Amino acid sequence: MADISKINLKRNYLTKVFIIIVILWLVLSSMFLPLMISLGILSALVTTYILFIMNVFNSKDAAVSINLMKMTAYIFWLFKEIIISNFKVCWLILKPQYKITPIIGETKSELSTDFTTTIYANSITLTPGTITIDINDNVLTVHSLDEKFKTSLDSRVMYEKVKSTEISKELK
């Protein structure tokens, strides 16, 4: 019975990965022509099949599922944060009297899977002004362009939003 449960979890996991890839394709391409949608779906199928062949699904990921609605909301929130951070970086550049003080700091991650930890680390890097430079034992080392960006990261708003996308499940 445990094998059937793991197979169902794997199928659900790969289905959700497929849906996330399709949503990302649609959002990032912004082209809703039948040909483009077909190519997006085909690309997502190939990517999901490659993940299946590579057997990237492991028991640690099996214990956690992603809430697709919260992940979709998170992606839109992240786009908004990327735009805001772009303006903040531009403001720093265009304000020559301001002295930029780069800083390297650490932030702890207690996310359940490597998948969500990667989402968190990549979200930090995608947001202008911060770059994740290392992950070691659930501690992310982050370079910030200025103390303001580090303070924003220390507020842990992004971390909590990523954490909220996880749904823990018991494996039997």
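The values are calculated or read from the model by the stated rules, or taken from the named source; none is laboratory data. Bear in mind that the values here come from a model prediction, so they are computed numbers and not experimental data. FYI the Cβ positions are ideal-geometry reconstructions off the backbone, even for glycines, and counts take in every protein chain you see.
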- Item | Counted residues, segment 137-172 - those being crowded, with 18+ Cβ neighbours inside 10 Å and either within 15 Å of the chain's Cα centre (by Cα) or modelled with pLDDT under 90 (or both) | 12
- Task: Please list, ordered by first then second residue, the pairs with beta carbon atoms under 9 Å, 6 or more apart or interchain, first in segment 75-101 and over 15 Å from residue 129 (Cβ atoms), second of a type in the set (A, V, I, L, M, F, W, C) and in a helix (DSSP H, G or I).
- Result: 75/20; 75/23; 75/24; 75/27; 76/27; 77/158; 79/27
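Of the residues 95, 16, 99, 70, only one is modelled with pLDDT of 90 or more and either assigned by TED's automatic domain parsing to the domain that holds residue 148 or of a type in the set (Lys, Arg) (or both); which? Walk me through it before giving the result.
Numbers: 95 fails: modelled with pLDDT of 90 or more; 16 fails: modelled with pLDDT of 90 or more; 99 fails: modelled with pLDDT of 90 or more.
Step by step, each of 95, 16, 99, 70 is checked, and only 70 is modelled with pLDDT of 90 or more and either assigned by TED's automatic domain parsing to the domain that holds residue 148 or of a type in the set (Lys, Arg) (or both).
Out of the residues in segment 30-52 that are among the polar types (S, T, N, Q) and assigned to a helix (DSSP H, G or I), which is surrounded by the most Cβ atoms within 10 Å (Cβ to Cβ)?
Let us first name the residues in segment 30-52 that are among the polar types (S, T, N, Q), namely 30, 38, 43, 47-48.
Checking the rest, the ones that are also assigned to a helix (DSSP H, G or I) come to 38, 43, 47-48.
Values: 38: 10, 43: 13, 47: 15, 48: 20.
Step by step, filter segment 30-52, then rank; the result is 48.
Working only within segment 88-120, note down all residues that are of a type in the set (A, V, I, L, M) and not in a helix (DSSP H, G or I). Break it down into steps so the answer makes sense when it comes.
In the first step, residues of segment 88-120 are kept if they are of a type in the set (A, V, I, L, M); the result is 89, 92-94, 100, 103-104, 111, 119.
Selection gives 100, 103, 104, 111.
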- Message: Go through (1) in a strand (DSSP E or B); (2) surrounded by 13 or more Cβ atoms within 10 Å (Cβ to Cβ) for residue 134 and report which single condition fails.
- Response: (2)
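Are any of the residues in segment 73-89 more than 24 Å from residue 159 (Cβ to Cβ) and at pLDDT 85 or above? Show your work before the answer.
Residues of segment 73-89 that are more than 24 Å from residue 159 (Cβ to Cβ), as a first pass: none.
Among the residues of segment 73-89, not one is more than 24 Å from residue 159 (Cβ to Cβ) and at pLDDT 85 or above, which makes the answer no.
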